[in-house]
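Comments concern the structure below.
The values are calculated or read from the model by the stated rules, or taken from the named source; none is laboratory data. Everything numeric here is computed off the predicted structure, so don't read it as measured data. Ideal geometry is used to build each Cβ from the backbone, glycine not excepted, and the neighbour counts take in all protein chains shown.
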Amino acid sequence: MKGYLVFLLHAHLPFVRHENAQIPFIEENWLNEAILETYIPLLRVFRNLKKENVPFKITMSFTPTLSTMLVDPYLQNRFRTYIKNLIALSKSETKRTSGDPHLNYLSKYYKEHFEDTEAIFEELGGDLTKGFLPFFESGSLELITSPATHGFLPLYESEPSIIRSQLRNGRRTFRRIWGRDPKGIWLSECGYAPGLEEALDREGFRYFFVDSHGITHAEPRPKYGVYAPVEVGNGIFAFGRDPESSKQVWSSIDGYPGDFRYREYYRDIGHDLEYEYIQKYLHANGIRINTGIKYFRITGKTPAKDHYHPDWAMEACGQHADDFLRNRIRQAEWLYSQNGQAASILSPYDAELFGHWWYEGPQFIEFLFKKIHFDQCTIRLAHPLEVVRLLPRVQSVHMKMSSWGENGYGDVWLNGTNDWIYEHIFSLSITMQEYAHAYKHEMDEWKLRVLQQMGRELLLLQSSDWAFIMKTQTMVDYAIRRTNVHCNLFLFLKDMLDRGQIDREKLQQIERENPIFPDLLLQDFQ
């Protein structure tokens, strides 16, 4: 064996549950689209591979916020409404397009796709974790967690209570939902800073992932570069991203998803069709949104687009899977000749790339895994700790701060567009730590509930998503609103304690508004 491929998908969404908001809440569609276009398609791939007796190994991180939303009955019912609306729209489309054979074929294609999605969703009772669990239990799927609300931990070195509460609730949520403790963790945005390995060790994590420069800039310089894990202290292992396989998929210039045969993401009937026709299928306030029905392919770097041909796209998938595998084999053989040991090749991607942004992405994974099994014997798929056990030599190093964000460090999450939020995060985190100590012997149920909800609001405030959205200038109003809401709710709850007057009805309302981390402990913040 010349190499081990660690294929990793990072599945994450911020907590976007708004039961009392205008229905449907537009950010709620982030979850609905991910279920429709990424999570259920990946389940289809895993089931197809099992049905055809194709062994595979893939690693996926499900963040605590996403896992919580997947098992939430209210959000499950919201998806039911969402998919029924799409089925109704697709049926309408089969009638509207009856005069155009190709568009009519595509409308029926989408109708069948939506109906099959609904069938899988209902087969699982709306809880997608039940679909992934059998693959986790069989060893095909390695599941890991992340910090509780995807907080960017390198920015919080000076306040250990933030790191501690993020890691503890990340692990605890994983155990509650997935049934066992995670072995590894996806540090949010691959954000590492020296000393984090000690906090990881205390919580029982054994490995994490960093971008390439996190490994190559380590001291001493690792002999095998990113092509072997490194031990960074306390028996914790770091895996570095392989830049070559990342570029083949991620590159906006020559990455696979840009092939002209693939479906065009930015042409959706929610924006293309006459408003009078599409209005009743849109958001409640009439804003045009993506419906998931897209009739065009990328075609070329031109505004003029030709119709989508699924068979052409599947041909492209097969070719790209073959190209990806051929390059990994060539890469592994060369590295083996240079290093004298099998290479560990880490290929990590955002899960939502596969299916949501790159519609054919799940099929690419299925083709790739079949080709790895049937067409060669040079490399094989592996889970992270399996690689650690199999390699004869693993080097110990000291790593510096890094992330996989733009410029490789923390610029994305701390800059002129979002720096104002950290004054609030640090101030409230210090207050939370003080109150956790002051009330550590508290026995009154209602006071403890106030403190626990303060902890939840604080964790939600620390999400890296709000700073990221402000930097990228997408949905900025929403990110600012979420920042302000969590700050204000925290202070409102604190005031209840300070005045010694707990409004039980209002507390219960806040608990219903953000029902996350039910097993949160006051000690997490001490």
Quiz item: Do you know which residues across the stretch 472-502 are modelled with pLDDT under 95, farther than 21 Å from PRO64 by Cα and surrounded by 15 or more Cβ atoms within 10 Å (Cβ to Cβ)?
Solution: MET475, VAL476
Quiz prompt | Selection within the stretch 287-298 - assigned to a loop (DSSP other than H, G, I, E, B), farther than 21 Å from ILE87 by Cβ and in contact with a strand residue (DSSP E or B) (Cβ under 9 Å, 6 or more places away or on another chain) | solution = ILE298
Quiz item: So LEU335 fits all but one of (1) of a type outside the set (Asp, Glu); (2) buried (at least 19 other Cβ atoms within 10 Å of the Cβ); (3) part of a helix (DSSP H, G or I); (4) not assigned by TED's automatic domain parsing to the domain that holds LEU13; what number is the exception?
Solution: (4)
Practice problem: Starting from the stretch 470-487, take each residue that is free of Cβ contacts under 8 Å to residues at least 12 places away in the same chain and list its partners that are of a type in the set (A, V, I, L, M) and in a helix (DSSP H, G or I), counting only C-beta distances under 7 angstrom and pairs at least six apart or across chains. | Solution: VAL476/ILE469; VAL476/MET470
Quiz item: Among the helices (runs of 4 or more DSSP H) contained in the stretch 188-286, which hold 2 or more residues that are modelled with pLDDT under 95 and touching a helix residue (DSSP H, G or I) at 6+ places or on another chain (Cβ under 7 Å)?
Solution: 243-250
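Looking at ARG328, ARG393, ARG380, which one is in a loop (DSSP other than H, G, I, E, B) and either touching a residue at least 60 places away in the same chain (Cβ under 8 Å) or aliphatic (A, V, I, L, M) (or both)?
Being in a loop (DSSP other than H, G, I, E, B) and either touching a residue at least 60 places away in the same chain (Cβ under 8 Å) or aliphatic (A, V, I, L, M) (or both) holds for just one of ARG328, ARG393, ARG380, which is ARG393.
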Exercise. Determine if the stretch 360-369 includes at least one residue that is assigned by TED's automatic domain parsing to the domain that holds LEU42 and either within 19 Å of PHE209 (Cβ to Cβ) or not in a helix (DSSP H, G or I) (or both).
Key: yes
Quiz prompt | Hits in the stretch 300-311 - residues which are closer than 16 Å to TYR265 by Cα and either among the polar types (S, T, N, Q) or part of a helix (DSSP H, G or I) (or both) | solution = THR302, PRO310
Quiz item: Name the pairs: first residue in the stretch 78-106 and within 18 Å of ALA119 (Cβ to Cβ), second residue crowded, with 17+ Cβ neighbours inside 10 Å and small (Gly, Ala, Ser), Cβ to Cβ under 8 Å, at least 6 apart or on different chains?
Solution: PHE79/GLY126; ARG80/GLY126; LEU86/GLY292; SER90/SER107
Quiz item: Which of the residues that make up the stretch 121-135 are surrounded by 16 or more Cβ atoms within 10 Å (Cβ to Cβ) and part of a helix (DSSP H, G or I)?
Solution: PHE121, THR129, GLY131, PHE132, LEU133, PHE135
Quiz item: Out of all the residues in the stretch 233-269, which are under 25 Å from the mean Cα position of the chain (by Cα) and within 23 Å of GLY184 (Cα to Cα)?
Solution: ILE236, PHE237, ALA238, PHE239, GLY240, ARG241, ASP242, PRO243, SER245, SER246
Quiz prompt | Residue list for the stretch 513-526, filter: charged (D, E, K, R), part of a helix (DSSP H, G or I) and at pLDDT 95 or above | solution = ASP524
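In the stretch 427-440, which residue that is surrounded by fewer than 16 Cβ atoms within 10 Å (Cβ to Cβ) and modelled with pLDDT of 95 or more is farthest from GLN526 (Cα to Cα)?
Looking at the filtered set, the residue picked out is SER427.
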